[in-house]
Each structure stands twice: as C-alpha cells, then as structure tokens.
Amino acid sequence: MALIDLIEVSKKFGPNEILNEVSLSINERERIAIIGKNGGGKSTLMKIICGAYDVDSGRVVTQNNISVQMLSQAPKYDDGLSVKGVLNLELKEIFEARDEYAKVVEILAHEPENTAIHARADELIKFIESKDGWDIERSIEQVLVQFSLKEYENRLVNSLSGGEIRRVALGALILKKPDVLLLDEPTNHLDVYMVRFLEDMLKNSKQTIIFISHDRYFIDAIATRSIEIEEAKIRSFDGGYAYYLAKKQEILESMAKTHETLLKNLKSEEEWLRRGVKARLKRNEGRKERVLAMREEAKKNPGVIRRVKLELERASKNFNQTHSTNRKKMLFEVKDLTLKIGDKELLKDFNARILQGERIAIVGRNGSGKSTLLKALLGKIPPFKGKIERGEVRVGYFDQNRSELNDDKNLIEIFCPNGGDHVMVRGRNMHVYGYLKNFLFPKEYLDKPVGVLSGGEKNRVALALLFTKEYDILVLDEPTNDLDIATINILEEYLQSFTGAIIFVSHDRYFVDKISNKLWAFEGQNIEVVHNEYSAYLELKDELGEIDEFENELIKNQTTTVQKQKSGSKLSYKQNKILNENPALIESLEAKILELETALSDPQIYQEIGINKIYDELESKKAELEKLENEYFEVLEISENLENLV
C-alpha cells in the first residue's frame, strides 16, 4: 500500500533543474536507498517527501494521519536539557499514552461496560505497541549504551560535540518510530559498532524508511529498493547496492561508448562486491552452524566452549602472523609508543613498522585514539612515551578540515599556482579541466572560489590535489566523509593504483575491505595487527562475543541451579530418579537404535516391515535418546557441583 505518492514533481533552484517531472510511490514497510551524485537532488527529494520543500509543479499525495519525520543534519535543542532529558522529551507522546492507558484501566475497573473507554483503550494499546512503547525505558538505555552516550546522559546536550548531538537526535528518532523515517547520511559520526546496531534496529523495524548513505555495506544490508537520481530523473531498482550495480551495468551496456570508463568501473565494483558478499554469507553460515553446534554440545559437555574459543583465538592469531616483508623499504618505525590525552591512556607500548607498499587501515571505536595516532605519526603531537623514527619520505596528508585549501582561490589557481592551465599527474601533463572531470567537476567550476563549494565538493578538490603530487606515503583521516559513492569509487581507483604506502582511518567497512591489506585494530589500550579483511575480523569478534555471552548465560544458570540445590542440600526426587534410571534407559534405547539401523540396511527386513515405518521409529528413538541424555547430563552436573560444595 502506497503511503506517499509523488506525481510528475519538478523542482528548480535558480537555473539548476534538480527534479524534472518525476513520479515515485513509497509503499508501506519499504526501505529505500537514494543513490546519486552530491548536489544531484538526493536531499531535495527527501525534503519534498517530508514537506520541508514545496514543489514547483506536480503533486505530493500523503495518506492521512501518517507521521513523516527526517533526521536533521544539525539538530538544535533548548539549553538546560540533558541527553536523557532530550530523549524523554522526544518520546513524550509514548510516555503520555502509557500514563493515559493506566488511567483508562482504572476507569474500566469501575465501568466495565463503558464502550467509549474500551475503544480508547484499544487505540492506546495499538499506538503503544506500534512504538514498542511498553518497554521504552529499556530501549532508551540500549541506545545510550550502543551510541556511546551513557556517560553523558546527565550532561547538558548542547555541551556535546556536533557528532555526539547528532547521535542523540538519531537515537531519539529511531525510538519515536514515525510511520515514514527519513535519514540523510545516518552513519556519519558513527563507528562500525554503532552502524551495525543501527542496521539491526532498522532491519527489525516495521517502518517505511528512506535513506541516503555512502556506506555501501549499509545500503546492501538495509535497502529493499534503491532509487537513483541522475540528470533530474529517477530510476528505481529492486534490492540493495549489489542489485543496483548489476542492473546499472546492464543499462550502461545498452548505451553509447561514452560510458565505457564508467561501465568498466561498475563491472569491477560489481565483481568485487559479489565476491565479498559470497564470502561473507559463507562465513556467516559457518559461524551460525558452529555456534548452534556448540550450544547443543555444551549442554552435555560445557568444556566444549573452551575448545571452540581456543580454536577461534588460534584462527585470530593466524590472521595476525607477521607476513614476509620481502626486504621492502621501511618508511616508519614505531617503538614502545604510548599516547595519552589528559589522563586518558589511548595506546600503550606499541611497536610496528610501516613498509613500502603497505595499506594499513586504523580501525576501532570512536574516541579510541585513531586520529591521535595519525597525528603522532605525522609529528603533529609528541608521544607520551616511546618514539617514532621516520625515513627520508614524502608524506601526503588528507585531513577532515581540508587544511591544504585556500577558500579565496578558484580551482585554476589551486591546481596551477604558477599560471597556465595544465597540471602534472603521475608523470602525465594534463589539462586541468580534463583532470578535474575525473573528479566529477564540470567546466564552469574552474573559476569558482573554493569557499562557495559544498563540503563534499571541497573534499573532492582536496583529494584531486593530493594525487597531483609525488608522495611515498599517503596519510588519510576519514577520506570518504561527505563523498558520494561515485567519488568514493574514483578515490578507490586512485588509491589502488598508488605504488607507495597508505595509512588511513575509516569507519567505512566496504572502503577498508577494498583498500587495506593490513589492519591496526584498537582493542582497549592495545593494537591488534591483523592481516585480513575488516568484515572478516568483525565477524570473528562477533562469534567470540556470542560464545562469551552463551558461556556467561550457562554459568549464571548453573550458579542459580546450584544455589537452589545448596539451599535444599540434595537432589529432588525427580532428579534422583533421572540419575538412577536414565543410564539403563539410554543403554536400552542405544540397543534399539542399532537394531533399527541394521534393519534399514537389510532389504529382507525393511521390505517385510516397511522402510518408512522403520525410518519413522528410528527418528523417534533418536529424539527420545537425545532428551534422556540431556536430562541425565544436566542432573549429573548438578550432582557433581553439590559434591564439590560439601
């Protein structure tokens, strides 16, 4: 069922045509990713959908009584509100509905025949359940913890950083659960663990969700449909990023040769993603099978948990083995490095080398020390302890502040500071327009001052400038921020052909998987050096986390059981019966199962009795045996624990 219909909608800003007679139906429970170049109309489309922008022509038809809300890029809150206060205020409607329901229940206790009150009770129940409101306090706590806001819950919200305030706004909006939820780059300012929490929240939601993101794994995980805005028109594709790539490739193949370069990039991207998706699915299936098998086996033998953990930790260590350096040139050597900010220790006694040709991704939670480590490597901040030795190397640095750019200069002046209109790029003398066209800049941008460009456009300028110079190592701090997917693809192509070393900080799992051949993963005050894809490393950590969770759950259950037994000082009658009688029953069943298995392999017997009858009985006996064994081993463990207590 369509919740919102755009019918032949057009929108211009000055002479720029953003949307030209586009039509779009947004259906219940769809999750739609909007894909397109920066400045192509993605945010404009979302603002039209939520009613923030009027259209020049056409119609927007929204169903009555549906709520449509959009995540603000720069949320504002009243002074005096704490983080917890903001969440409570934003969710006020849910709290008020619960309070009213409690009053309605009291009225019904005295007026059970009041039909109007019954109807109101039904309305309130429907509303509260649609917002998961009965347990809203637990959901608030979960958001505070998962978005790393718990330590700030009583702080004034306006005393937080812009990224932290945006996380508060995002948390409030996903808990409010409007019928149609609009998210513009929701993964900005989130680390990878926060992104995966957000993914789970959105996938389990019953809302209609429309979102813009440059995180390609996020799009692939969330989207049930992708729409592309190109040249003021909309094209719709079923499914996530992988399906979009395949279908876009088909469209380009049917067009003129002018699209050959784009088609080549798309084919490469689609092949890379397909391989990665296949590998991730295989790893996930293996993980689920191992965890399920371990859970079943651990019921009979808790020691299996330790064995599985040791195997996974051994696998993790295999990822982290130092690879052969093949006598590569050493660019940096880090010796016993300790980093601190104030009293907070970020890194302790870290030793490493950066060699020619290495592509190292520094990954970890927000605030773990990733950007601080980059600054220490560049000599911008001194180590608390230890030292960083640096060879005679040329270092190119890309930072989030775009400090290399002068807002007063235009693009020609930036790229040709000594005059002319040509620039050297990796030994090639190129016209500046021909080069900047690769970074999606039209000709009319050449004489524009940098100061009038958007944040994403400035990032494109800074990256383009970076690749016009000769460096031995590139140091990049969140290079994909504010970039659209098309520009990230260009960046990846340049980085993959770069022959020097690369060390970079990024939360973009797809980008890290594609570019890096080594990870420096922050774990507490230590760094794990990992030779594997980031997504595979995260999956291994997930599996270890699941096993730890199961082990804690098992220990808790055992402790509770033992405490109950300790208070009674002995097994119950039923438990004694299981302990004394189950071994004989198990032995008898095992003999019967062997007899049935023999019958299944003897044609004379199974033809006489019927193969289906024997098979059904065999399956029944196996299930009975499993039940008796589980009962017996559980009671045996309790009995042994009681003996240890005595």
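The values are calculated or read from the model by the stated rules, or taken from the named source; none is laboratory data. Keep in mind it's a predicted model, so treat the numbers as computed, not measured. Here the Cβ positions follow ideal geometry from the backbone for every residue, glycine too, while neighbour counts run over all protein chains shown.
Figures for the structure shown
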item: Residue within the range 490-497 that is modelled with pLDDT of 90 or more, surrounded by 23 or more Cβ atoms within 10 Å (Cβ to Cβ), in contact with a strand residue (DSSP E or B) (Cβ under 8 Å, 6 or more places away or on another chain) and at negative phi present; result: no
item: Residue among R98, R138, R155, R120 that alone is touching a residue at least 40 places away in the same chain (Cβ under 8 Å) and charged (D, E, K, R); result: R155
item: Every pair of residues 6+ apart whose Cβ atoms lie under 7 Å, when the first sits in the range 229-243 and is over 16 Å from D215 (Cβ atoms) and buried (at least 16 other Cβ atoms within 10 Å of the Cβ) while the second is modelled with pLDDT of 90 or more and among the aromatic types (F, W, Y); result: Y243/F237
item: L491 vs. criteria free of Cβ contacts under 8 Å to residues at least 40 places away in the same chain and closer than 23 Å to R275 by Cβ; result: yes
item: Which listed residue, of A52, A33, is closer than 17 Å to D184 by Cβ, among the aliphatic types (A, V, I, L, M), surrounded by fewer than 20 Cβ atoms within 10 Å (Cβ to Cβ) and in the same structural domain as E199 (by TED's automatic domain parsing); result: A52
item: Qualifying positions in the range 141-151 - surrounded by fewer than 20 Cβ atoms within 10 Å (Cβ to Cβ) and either closer than 29 Å to A52 by Cβ or touching an Asp or Glu at 6+ places or on another chain (Cβ under 7 Å) (or both); result: Q146
item: Test: residue in the range 75-82 that is hydrophobic (A, V, I, L, M, F, W, C), outside any helix (DSSP H, G or I) and touching a helix residue (DSSP H, G or I) at 6+ places or on another chain (Cβ under 6 Å); result: yes
item: Count of the range 434-444 residues which are in a helix (DSSP H, G or I) and surrounded by fewer than 19 Cβ atoms within 10 Å (Cβ to Cβ); result: 4
item: Residues satisfying the stated conditions in the range 499-512, i.e. modelled with pLDDT of 90 or more and either surrounded by fewer than 20 Cβ atoms within 10 Å (Cβ to Cβ) or over 26 Å from L466 (Cα atoms) (or both); result: G500
item: Sole residue being touching a Leu at 6+ places or on another chain (Cβ under 6 Å), among the aliphatic types (A, V, I, L, M) and not assigned by TED's automatic domain parsing to the domain that holds N204, chosen from V145, V168, V157; result: V157
item: Filtered residues of the range 344-372 (kept if among the hydrophobic types (A, V, I, L, M, F, W, C) and not in a strand (DSSP E or B)); result: none
item: Within the range 403-421, tally of residues that are under 30 Å from K340 (Cβ atoms) and buried (at least 18 other Cβ atoms within 10 Å of the Cβ); result: 0
item: Odd one out for S67, checked against (1) in contact with a Pro (Cβ under 8 Å, 6 or more places away or on another chain); (2) modelled with pLDDT of 95 or more; result: (2)
item: Helices (runs of 4 or more DSSP H) contained entirely in the range 125-234, each with at least 1 residues that are of a type in the set (F, W, Y); result: 192-203, 216-222
item: Residue list for the range 371-402, filter: crowded, with 18+ Cβ neighbours inside 10 Å, under 13 Å from Y471 (Cβ atoms) and not small (G, A, S); result: V395, Y397, F398
item: Any chance E624 is surrounded by 13 or more Cβ atoms within 10 Å (Cβ to Cβ), over 43 Å from the mean Cα position of the chain (by Cα) and either at pLDDT 80 or above or not assigned by TED's automatic domain parsing to the domain that holds Q575 (or both); result: no
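Here is a yes/no grid of residues against (1) loosely packed, with under 14 Cβ neighbours inside 10 Å; (2) among the basic types (K, R); (3) out of contact with any Cys (no Cβ under 6 Å at 6 or more places or on another chain):
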| position | (1), (2), (3) |
| --- | --- |
| V9 | no, no, yes |
| F13 | yes, no, yes |
| K42 | no, yes, yes |
| V61 | yes, no, yes |
| K84 | no, yes, yes |
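Okay, residues lined up against (1) modelled with pLDDT of 95 or more; (2) basic (K, R):
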residue	(1), (2)
R166	no, yes
D184	no, no
T187	no, no
L198	yes, no
D220	no, no
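Yes/no matrix, rows are residues, columns are (1) at pLDDT 75 or above; (2) loosely packed, with under 11 Cβ neighbours inside 10 Å; (3) within 23 Å of F197 (Cα to Cα); (4) among the acidic types (D, E):
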position	(1), (2), (3), (4)
Q565	no, no, no, no
N576	yes, no, no, no
P603	no, yes, no, no
I609	yes, no, no, no
